[in-house]
Amino acid sequence: MQLITIGLLAFAVFLLATIHFLKLFREMNCRSPSTPPGPTQIPYLGRIHDLPIQHMWLKFKEWADIHATKTGFYQTEMLGAKFIIISDEKVAEDLLVKRAKFNSDRPMIRSLFDSKSEFGSMEYLPLMGRNQYWARQRKLSHAYLTEATNAQYHGIMYHEAKRFMARLVHDPANFQFWLEDMASKVMCSLTWDDTSLSEYCTTSAWGLLTQMSPAGPLTNVLTPLWHLPLFMNPWKRAEHKRHDEQQAWWMERLVTVREKMSRNEMRPCWTKQFLEKQSGMKTSISGDHEASSVIGMLALVGIFTVAGPLSYWLVTMVHHPEWQAAVQREIDEVCGDRPPTLDDTPRLPILRACIKETMRWKPNVPTGVAHETERDDVYNGFFIEKGTRILPLDWAFLRNPAKYPDPLTFRPERWLEPSWPTYQAPLTQYPTIKGMSSFGWGHRQCLGMQLTQDELIVACGSLAWAFTLKHKIDPLTGRQKPVPLDKSNSLLIVKPDPFEMDFEPRSRERREQVLKQWERAEQKDVKQRVDFLRAAKTARGEMLDGSEPTKQQPIMSNYINTNAVVGVTAACSFILLGNAITQSFMGVPALLVDFPRPLAGSKEEYTAASKKLGKQWPVFWQMGNVFFRPMSTLGIFTYSYAAIATLRAASSPLLSDFGVSTPQSTTWKLYAISAACHLITVVHSAINMQPINARIDALRGDDQGNGRSVEGVSNGKIQVGESAHEGLAEFWARKWIRLNSVRIVMPAIAGSMAMWGLVRGASK
Ligand code: HEM
């Protein structure tokens, strides 16, 4: 083909594309009266090209000020997706509350797998579509949060606020970490009763928050990239890893709680609450996967949402010392020498006003959370197409000058003085952050409003009680280090960028008080945990006396019974010892008294004495055979049992981890030695002493007085007559005494070792 032909073809294609593009451009922008107002749209792109990823709420507000002044909302597009941005609370009320029936779905988040749970993943409640999983998980979350609120969070918030204050005294520079960790520990206590999980939980929350935010992975904005094949798709691979790890961790939490419950070691928490319901078949949640996800998600969602306003509280107080002083005065008057509690809430309107104004001035979900329409609709004459995303722009709501005069300034008095449009009475109840536009709308309204308010009252109140929050002074220049007002990340839930500030204890006494109260709180907490585990241990002990045994019961029962077993067996060892001593030093010597010397006395005399010895021997030995040998054999088993039981008890984390007294880890060896001693005794008796018994027994001869063979031992070679003539009767008797010393030494060692083991156990 000639070059000119190719050129002409290319030109034709370009021309066609331009015509198509212009046609589309005209269609999109020559709006019919029913098209909502909005900025000019570029075909395919919409307004993606000039919507900044960073602080996009500012651009949304800028467009609202141009296009939505009359309507209270406008429409824009991004890569084919339609958005209605609401800038007026009245419109939000109409669209998201009054029409909640079909405006409560969620848009899909491209960089999460099945964020809406359309395919049954059931993982992220706040992001789910309006489906069955959402409905039942919302119900469960609401119930748990309400129950925790009614129980004043079981004192968890006070405990964590005290820890937070003490940490600020010790290491104020790290305040941002302490602050987030406090919020995380509260959630980890409520969900799993385990504060040690807080750091990982925060990291996990951070991962999910980033993944779901437009400012997170590129694939949330340039969505087609998500469909690249896996080998050249780093976003999908990273999400696979993040997702799987998070799921596994949530599941591990549930399994751990279940295990602890089976040992009666679990204190109240949401997971326990769920598992109890599950075992009674009283839940609509489908199983462990769904349960671990809904509970895990609750833990995550309560971290940044609370840490955000708390961080902004610091910023606000540093910039408004006059309001900080007012809050401190109020707290001093109401609470005096202690930090505020939730019972003080009605008497702390200034604290509540400053918290609410902080949230208005620096909202932490400034774009709002998008809903999605489920059907075509006409609102105020404007057509809203099914599948349009509706963004309630909180940044705009909270800067509405009609509702919030002087909207750019921090003015807590707008909540306290009747001259302001937002004032509400009585001040014992208002201001309250409950119902603020920041918590969303309609069926999807936030479930954590009360928890947020309570945690902020406790934490901000404690801060004001303990410290004066100040600018940090640069030691080099002597000037204040800046605390920026407008620097934050751009994720869905925002928080200020790292900054430096000072936490000055309000007095030396207050500083001491902060440290003391934490020390006491920590001691109390440890004691409560140990007491709880002791009670669990006792309960399991009681079960032994009748009720159903549990899986772990043997560990506990072994430990409880071992002492008795060892005690009884040790007594047996000493009885055996006594018997052997009697035999060696009294019994056999008595039989040998006046025994004629074989060569000095006559053969008849010696034979008669030998016969007498042979006759008396079985009577003498019967006790040993019938009674003491089985007793010794039993000792092998009971000491072995004690050794195994003690070893298991000593290595049981159940007992030792929580300070419950356990046998020392070496005690089992003492019992093992005891068992070995008995074993030696029994084997020695059978191999070495029994043949001698038979020989001496044979001395008595048969009924006619003739010698008898010693069956099975000497194959009839040694006859009584021979033995007697050779002087072997006394020889065997004395040999028996010598060998019997093993039966003295071994039970002595066995009994002593056992007693030592018992004493060690008692002194623990
Ligand atoms: C300052 C603190 C908080 C703010 C500003 C906030 C804001 C929001 C917003 C804007 C929504 C979406 C509402 C909508 O779609 O219209 C939401 C939903 C939700 N929030 Fe909060 N939240 C906060 C704290 C919390 C806390 C502490 C919890 C619980 C521990 C929580 C639990 C939830 C849940 C479960 C949803 C999902 C509701 C649903 O989709 O049905 N939030 N929150």
Only unsatisfied item for V494, checking (1) open to solvent by 20 Å² or more (accessible area, probe 1.4 Å); (2) within 30 Å of L218 (Cβ to Cβ); (3) of a type in the set (A, V, I, L, M, F, W, C), is (1)
Of all residues in the range 88-105 being within 12 Å of the ligand (Cβ to nearest atom) and surrounded by 18 or more Cβ atoms within 10 Å (Cβ to Cβ), the one that is nearest to F382 (Cα to Cα) | L95
Which residues, counting only those in the range 298-318, are aliphatic (A, V, I, L, M) and within 7 Å of the ligand (Cβ to nearest atom)?
-> L298, V301, V306
What are the pairs, 6+ residues apart or on separate chains, where a residue within the range 199-216 that is of a type in the set (A, V, I, L, M, F, W, C) has its Cβ under 7 Å from a residue that is open to solvent by 50 Å² or more (accessible area, probe 1.4 Å)?
-> A215/I53; A215/Q54
Reported set for the range 19-76 where residues are touching a residue at least 24 places away in the same chain (Cβ under 8 Å), among the aliphatic types (A, V, I, L, M) and open to solvent by less than 90 Å² (accessible area, probe 1.4 Å) is M28, L45, I48, L51, I53, M56, L58, A64, A68
What is the one condition in (1) under 29 Å from E374 (Cβ atoms); (2) of a type in the set (S, T, N, Q); (3) within 13 Å of the ligand (Cβ to nearest atom); (4) out of contact with any Asp or Glu (no Cβ under 6 Å at 6 or more places or on another chain) that N400 does not satisfy?
-> (3)
Only one of (1) touching a helix residue (DSSP H, G or I) at 6+ places or on another chain (Cβ under 9 Å); (2) among the charged types (D, E, K, R); (3) without any contact (Cβ under 8 Å) to a residue 12 or more places away in the chain does not apply to D114, and that is (1)
Please work out if D454 is touching a strand residue (DSSP E or B) at 6+ places or on another chain (Cβ under 9 Å) and either open to solvent by less than 40 Å² (accessible area, probe 1.4 Å) or away from the ligand (no atom under 16 Å from the Cβ) (or both).
-> no
Give me a count of the residues in the range 150-189 that are modelled with pLDDT under 95 and β-branched (V, I, T).
-> 0
Right, K524: surrounded by fewer than 14 Cβ atoms within 10 Å (Cβ to Cβ), without any contact (Cβ under 8 Å) to a residue 24 or more places away in the chain and either within 25 Å of R163 (Cα to Cα) or of a type in the set (G, A, S) (or both) or not?
-> yes
In the range 208-234, anything among the polar types (S, T, N, Q), under 13 Å from L112 (Cα atoms) and either at pLDDT below 95 or open to solvent by less than 30 Å² (accessible area, probe 1.4 Å) (or both) is listed as Q211, S213, T219, N220, T223
Please verify whether the range 410-421 includes one or more residues that are within 16 Å of the ligand (Cβ to nearest atom) and surrounded by 14 or more Cβ atoms within 10 Å (Cβ to Cβ).
-> no
For the range 426-445, which residues satisfy the criterion of being within 6 Å of the ligand (Cβ to nearest atom) and touching a residue at least 24 places away in the same chain (Cβ under 8 Å)?
-> S438, G440, W441, R444
Give the residue, chosen from P349, P340, that is at pLDDT 95 or above, out of contact with any His (no Cβ under 7 Å at 6 or more places or on another chain) and buried (at least 22 other Cβ atoms within 10 Å of the Cβ).
-> P340
All but one of (1) within 13 Å of the ligand (Cβ to nearest atom); (2) open to solvent by 30 Å² or more (accessible area, probe 1.4 Å) hold for M108; which doesn't?
-> (1)
Selection over the range 47-87 where residues are under 15 Å from A370 (Cα atoms) and part of a loop (DSSP other than H, G, I, E, B) yields a count of 1
Checking G461 against (1) open to solvent by less than 20 Å² (accessible area, probe 1.4 Å); (2) within 12 Å of the ligand (Cβ to nearest atom), which test does it fail?
-> (2)
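The values are calculated or read from the model by the stated rules, or taken from the named source; none is laboratory data. Given the structure is predicted, the values throughout are model-derived calculations rather than measurements. Here Cβ is always computed from backbone atoms with ideal geometry, including for glycine, and neighbour counts include all displayed protein chains. These area figures cover heavy atoms from the full protein model, side chains too; ligands, DNA and RNA do not enter into them. Shrake-Rupley method; radii C 1.70, N 1.55, O 1.52, S 1.80 Å.
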